[in-house]
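Student: Sharing a structure here in structure tokens format.
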Amino acid sequence: METIRKVKCAITGEYGTNETFIKIGNKYYKSQEVYDEFQRKKILRQKIIDFICYNLLDYQKGQKFPSLITNKLKDLEFYDNEVILKAFQDYENDIVYWMNHKNFTSSAGKIGYMFAIVNNHINDIYDQWKRDKKQIIKEEKSEIQVNTDIVIENLGTNKKGKDISEWLEDD
């Protein structure tokens, strides 16, 4: 039997025990949900970087991407990676147009300009994303309510067994 030890979540930095936290690989995590959310964000972040490098900057596989991209993404860390990716995808045509029609002397200039375009529109995309999330939650709650209503309607409709009213006392 393994002894109980104090461990630290690799993502949140919170402390717990090896019995309350889960171990994946050689690291501990507060819960499976925390780990799954971290992995989702990590995958989306890589999609953002790949989209910028390959779709907007026309980089080739293996070509080193500028660290300026990660610095600019840190400026947007308030937003979910899903929102950031959607912003780049929605304004891809605008960004490509300006990449082809402006005379940039460096990649840093291109990156700065594309992030300026995204920064100008990201709040609109974020607001729409929040509305969509609320709608999904509302639909899920509605679906749960319908399911519980059906179950409640079916309760007590079948009378099986004996009447126990004679055993109940009157107040």
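Student: By how many nm would the segment from Gln89 to Thr70 lengthen if fully extended, with 0.36 nm per residue of separation less the alpha-carbon distance?
Tutor: On the way: separation 19, 0.36 × 19 = 6.84 nm, distance 1.76 nm.
Contour length minus Cα-Cα distance gives 5.1 nm.
Student: A further question on this structure: DSSP loop GluC sites (Glu not before Pro) in the range 65-148 with at most 15 other Cβ atoms within 10 Å of their Cβ, which ones? Mind dumping the intermediate values first?
Tutor: Working: sites: Glu77, Glu82, Glu92, Glu139, Glu140, Glu143; in loops: Glu77.
Of the GluC sites (Glu not before Pro), the ones in loops of the range 65-148 whose Cβ has at most 15 other Cβ atoms within 10 Å are Glu77.
Student: Using a simple spin-label model with points 7 Å from Cα along the Cα→Cβ vector, what separation in nm is obtained for Glu19 and Ser106?
Tutor: Going from the Glu19 label point to the Ser106 one covers 5.8 nm.
Student: Now, a different point. Say R0 is 45 Å: what FRET efficiency, to the nearest 0.05, do Ser142 and Asn55 get from their beta-carbon distance?
Tutor: Values: r = 38 Å, r/R0 = 0.84.
So the FRET efficiency works out to roughly 0.75.
Values quoted throughout were computed directly from the atomic coordinates according to the rules given, and no laboratory measurement underlies them. Worth saying up front: this structure is predicted, and the values here are computed from it rather than measured. As a convention, Cβ positions derive from the backbone with ideal geometry for all residues, glycine included, and neighbour counts pool all protein chains shown.
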